[in-house]
Amino acid sequence: AMEQSTALAIYRIIQELLNNVIKHAKATEVLVQLLRENGRLVVNVEDNGRGFDVKASKEKGGMGWRNIRSRVELLNGTIDLQSSAEKGTAVNLEFNIG
């Protein structure tokens, strides 16, 4: 079983990602997928919103992204962010959860 603190941290990350979609993306659809295999947890959050400039976000990103990145780092996870104008955003997170 996953530690409760880890589970809560991952829940908070997903909550923050969904919050970003609601506040900024102007999306009509969002997909959240969790896949657990071989001691890894993969989380995908994808939307069909207006997208944004990933590079600019890394340089000056808002509190939301800073929170997400620091939480993912605390869990030694990886984050892969793909976004392009009018094509939406896809966030892929991976955690080793034993």
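The values are calculated or read from the model by the stated rules, or taken from the named source; none is laboratory data. Since the model is a prediction, treat every value here as computed from it, not as a measurement. We place every Cβ from the backbone using ideal geometry, glycine too, and count neighbours over all the protein chains shown. Each accessible area value is taken on the protein alone, full model and side chains, heavy atoms only, with ligands, DNA and RNA left out. Shrake-Rupley method; radii C 1.70, N 1.55, O 1.52, S 1.80 Å.
List of remarks:
- Note on the chain: Rg/Rh from C-alpha atoms, Kirkwood Rh, equals 0.96.
- Solvent exposure of the stretch 1-49, expressed per residue, is 67 Å² of accessible area, with all protein chains present and a 1.4 angstrom probe.
- Packing order of peptides 25-32, 52-59, 9-16, highest average first: 9-16, 25-32, 52-59 (average count of other Cβ atoms within 10 Å over each peptide's residues).
- Percent carbon-and-sulfur accessible area, the chain, ignoring ligands, DNA and RNA, probe 1.4 Å: 50 percent
- Backbone HN-Hα couplings from phi across the stretch 32-45 [Karplus 6.51/-1.76/1.60, Hz, Gly and Pro as x]: 10, 10, 10, 10, 10, 7, 6, x, 10, 10, 10, 10, 10, 10
- Derived scalar couplings ³J(HN,Hα) [the stretch 47-58; Karplus, 6.51 cos²θ - 1.76 cosθ + 1.60; whole Hz; x for Gly, Pro]: 9, 10, x, 7, x, 7, 7, 4, 4, 5, 5, 5
- Chain lengthening between N44 and S57 when straightened (0.36 nm per residue, less Cα-Cα): 2.8 nm
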